[in-house]
Amino acid sequence: MSRKHRVIPGFGLTAGFTIFYLSLIILIPLIALFIKAAGLGLDDWWDILTSPRVMAAAKLTFGASAAAAVVSTILGLLVTWVLVRYSFPGKRLLDGMVDLPFALPTAVAGITLTQIYAPNGWVGQYLDKMGIQAAYNATGVFIALTFIGFPFVVRTVQPILEDMGKEIEEAAATLGANRWTTFRQVIFPMLVPALITGFTLAFARAIGEYGSVIFISGNLPMKTEILPLLIVSQLEQYNYEAAAVIASGMLLVSFVMLILINLLQRRLDWQK
Amino acid sequence: MKTTTIFSTFALSVLTTGFAHAAELLNVSYDPTREFYTDFNDAFKTHWKEKTGEVVKISQSHGGSGKQARSVIDGLPADVVTLALSGDIDIIATKTKAIPKHWQSRLPNNSSPYTSTIVFVTRNGNPKQIKDWADLIKPGVEVITPNPKTSGGARWNYLAAWAWADKEYQGDRKQVLGYIKRLFANVPVLDAGARASTTTFAQRGIGDVFLSWENEAYLIEKEFPGKTTIVYPSISILAEPPVAVVTKNTDKKGTTKIAQAYLEYLYTDVGQELAAKHFYRPRNAQIAEKYSKQFPTISLVTLDEKFGGWSKAQKEHFDDGGTFDQIYSVK
C-alpha cells in the first residue's frame, strides 16, 4: 500500500463533502446561469453586451467599484493601524462597529446613506453649498460602495498586523532605520498580500452590490445605472436570457480580474 | 411533570392539525395594496365564517408587480394574484398554464374590481403652478417618477403622459416623442420602484411634482399632512389592476371554491366600500357616487382604446429598443 498516512484521517470524507457542497451551492447555480444565457447565440451576446446602455453601466460599475476598493484599502489600513497599535477607551466598541456594514441589510444602508448625502440631508446640505452633489450621481455610487467594502480590508489586514511583533520594528530601529523607513521597508511589504486580498474582496463585493446603490444612484439611463440594475430591468421584461447574458458577462470580467489580482499577489510573494 | 409535557405536546399537535385543516389562501399582490388587503382579508374571514362556518387563513405577499409575477412563475404557490398590470397575469398564464388564457373574462369589469389613475402631487400650495402635463416640461420643474423599466406604476405614468401628448399634438409622433424626451430630461432621479419614489419626493424633498398612483397620493397626504397638494391633470389614464385565481395551484390545494369567493367578494358592497376607503376607485356606481368628492371626474383614457392592450404597449414603449430607450439613447 502506497497510501500516505496522515495524522488526522478522513481526507476522502471531507474532500467528498467539500466537492458536494461547492457543487450544490456554487457550481450548479453558476452552470444554470450559463445554460440560460447559452439560449442566445453569440451575436445576441455581443449585441447585448456592447449596447451603449450596458457599456455605460459597466463603466460606472467597474470604475466606481475600483475607486471605492482603492479608497477602502487606504482607509481600511488606517483604521486597522489605529485598532491594533493603540489602546484607548471605546476601542472594543469601535472594533465592533467595523462589522456593521456586513450585518446591515443593504437596502437600509442605501436609504440611510441617501438620507445623509441627499441635497437636503445632514451632510449633503453643506456639500451642496460647496457645489458638490453627493447623491444621485456617480459620487453617490462611490460612497455606497466604500461603505460596503471597507470592513473587508480591515478584517483581512487586522490579524496580520496583530501577529507582527513589535520586535521587528525594534530591530529595524536598532539597525538605524527611522520611522518612515521602518514603515516603508519593513511593515508595509509584509502587509501588502493582506491588503491585496482585502482590496479584491471589497472590489468583488462592490461589483455585485445592488441594494444599497439603487437608492443613492438615481438610476438615470446612460448616466447612473449600474449593471445589476440592468439585470433587474431585463427580468422585469421577462427577458431571462438577456439578464443571464449580462450576469455571465459580469461574471467573466470579474473572474478574469480576480485571477489577475491573484497572479499579482503570487508574484509579490515570490519576490520575497 | 413528564406526563404533562407529553400530554401538552400531544394536545398541541392535535390543535395544530386541527388548524391545518382550515383553508389557507395566499394572495400575491403588488406594493401599494398592503393596507387595503389587510382590511379586506379581515372582512372576508368574518364573511366566510358566517356563511360556511369555516375558518380561513389568508396570507399576503407584496412586492413589485413584475417581481411577484416572476415568483409565481418560479413556483410560489399563490391561490390568487392581485397585480398592477394585466400583462403580469398574462405572463403567468402563458409561461405556466396555471391560469387559463381567458382569465380576464372570468370576473366582471375585465377582472379588475377597482381602478385607479395617475395624478400629480406637488409641494403644498403648488408653488410652481403645475396644472397639467404641459407644465411638466417647463425649465426648472423637477419631476419625480420611478423607472418604467423596473416599475409597473411608472409605466402607467409614462402612458398617461403619452396619452396627453398624443391628444395635444394630434398624433404627431415626432412631437409626442419630443415631449416625452423633455419630460424625462426634467427627471433628476429614477427610482426602481413606486414606494422608493414616494420616499425621494416626500422625505428627501427632491422634485417639484411627483407622478403618482391616486391612492398613493392620498397616502402621502395622510402621512405628511400639509406638505403636499394633489393636482388632477386634464387627462389621465384608467389603470385597471386585475385579479385572478391561480387555478392550477388551487385545484391542487382544494381551495378553488374559496379563492373564487374571495375574489368575488371584492365586487360586493363591502369590498367596494373598503377599496374606496383605501383610495381605489370602486366599480360599483352607487359607492362611487358616495365617494365622488374624493375621486373627481377627469377624462380617462383606457389602455385598450389608446394603446391596443398591455402587451402591445409594453412592446412598443418599454421593451428594449422601445420609445423609452429611444429618448435616452438619442443624444
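A few points about this structure:
- When +1 charges are put on Lys and Arg Cβ atoms and -1 charges on Asp and Glu Cβ atoms, the dipole computed for chain A relative to its Cα centre reaches about 740 debye.
- Note on B:THR38, A:THR139: ascending count of other Cβ atoms within 10 Å places them as B:THR38, A:THR139, the fewest first.
- Other protein chain Cβ atoms within 10 Å, averaged over every residue that makes up B:202-214: 2
- Here the residues A:ILE19, B:ILE237, ranked from fewest to most Cβ neighbours within 10 Å of their Cβ, fall in the order A:ILE19, B:ILE237.
- Cα shape, the protein assembly as shown, gyration tensor, a/c 1.5 rule: prolate
- Selection from A:THR61, A:VAL153, B:ILE258 lying farthest towards where the dipole of the protein assembly as shown points positive, charges on Cβ: A:VAL153
- With each label modelled as a point 7 angstrom along the Cα→C-beta vector, the B:TYR169-A:ASN178 pair spans 7.0 nm.
- The value of relative contact order for chain B, using C-alpha pairs under 8 Å at least six residues apart, is 23 percent.
- Summarising the label geometry, the points placed 7 Å from Cα in the beta-carbon direction at B:ASP269 and B:LYS290 lie 0.7 nm from one another.
- 3J(HN,Hα) along segment A:123-140: 8, x, 5, 6, 4, 4, 5, 7, x, 9, 9, 10, 9, 6, 7, 4, 4, x Hz, from the Karplus curve 6.51 cos²θ - 1.76 cosθ + 1.60 with θ = phi - 60°, whole Hz, x for Gly and Pro.
- Among B:TYR169, B:TYR114, B:TYR265, the residue with the largest mean-square fluctuation in a Gaussian network model of chain B, with springs joining Cα atoms closer than 10 Å, is B:TYR169.
- DSSP bridge orientation in the protein assembly as shown - percent antiparallel, rounded to nearest 5: 50 percent
- Close amide H contacts of A:MET164 (hydrogens built in the peptide plane, cut-off under 5 Å, sequence separation of 5 or more or a different chain): none are found.
- Averaged over peptide B:144-150, the number of partner chain Cβ atoms lying within 10 Å of each residue's Cβ comes to 5.
- Among B:LYS174, B:LYS248, B:LYS138: highest mean-square fluctuation, GNM of chain B, C-alpha pairs under 10 Å: B:LYS174
- Mean per-residue shielding of peptide A:218-229 is 4, counting Cβ atoms of other chains within 10 Å of each Cβ.
- Separation of alpha-carbon centers, segment B:69-89 and segment B:255-297, rounded to whole Å: 21 Å
- Taking a sphere under 12 Å around the Cβ of A:ALA144 and counting the other residues whose Cβ falls inside, with K and R at +1 and D and E at -1, yields a net charge of 0.
- The mean sequence distance of close C-alpha pairs (under 8 Å, at least 6 residues apart), as a share of the length of segment A:65-220, puts its relative contact order at 40 percent.
- DSSP-defined beta bridges in chain B - what % are antiparallel, rounded to 5: 50 percent
- The simple spin-label model puts a point 7 Å past each Cα toward its Cβ; for B:LYS227 and A:LEU94 those points are separated by 3.6 nm.
- Using the Cβ-Cβ distance between B:LYS252 and B:THR52 with R0 = 25 Å, the FRET efficiency computed as 1/(1 + (r/R0)^6) comes to roughly 0.75.
- Quick note on chain B: its Rg to Rh ratio, both from C-alpha atoms and Rh being the Kirkwood radius, is 1.03.
- Rg/Rh (Cα only; Kirkwood hydrodynamic radius) as it applies to chain A: 1.04
- Prolate/oblate/rounded call for segment A:95-244, Cα gyration tensor, a/c under 1.5 rounded: prolate
- Judged by the ratio a/c of the largest to the smallest principal axis of the C-alpha gyration tensor, segment B:216-331 counts as oblate, that ratio being 1.5 or greater while a/b is no larger than b/c.
- Near the amide H of B:ILE58, within less than 5 Å, lie the amide hydrogens of B:LEU25, all on another chain or at least 5 residues away, with H placed in the peptide plane.
- Exposed chymotrypsin sites (Phe, Trp or Tyr not before Pro) absent - longest run of chain A, DSSP non-H/G/I/E/B, at most 12 other C-beta within 10 Å: A:123-272
- Sequence-distant lysines (8 or more away, or on other chains) whose Cα lies within less than 16 Å of B:LYS312: B:LYS149
- Using the Cβ-Cβ distance between B:GLU35 and A:ASP269 with R0 = 45 Å, the FRET efficiency computed as 1/(1 + (r/R0)^6) comes to roughly 0.15.
- When chain A is treated as a Gaussian network with alpha carbon springs shorter than 10 Å, the biggest mean-square fluctuation among A:GLY12, A:GLY176, A:GLY121 belongs to A:GLY12.
- The value of relative contact order for chain A, using C-alpha pairs under 8 Å at least six residues apart, is 29 percent.
- Protection-proxy order for peptides A:225-237, B:76-88, each taking the mean of Cβ atoms within 10 Å per residue, highest first: B:76-88, A:225-237
- Taking 28 Å as the limit for the C-alpha separation, the pairs B:LYS227/B:LYS277; B:LYS101/B:LYS306; B:LYS131/B:LYS315 exceed it in the case of B:LYS131/B:LYS315.
A short reminder: the numbers here are calculations on the coordinates, not readings from a lab. Small disclaimer: the values here were computed from a predicted structure and weren't measured. Because the Cβ atoms are built from the backbone with ideal geometry, glycine has one as well, and the counts that use them run over all protein chains shown.
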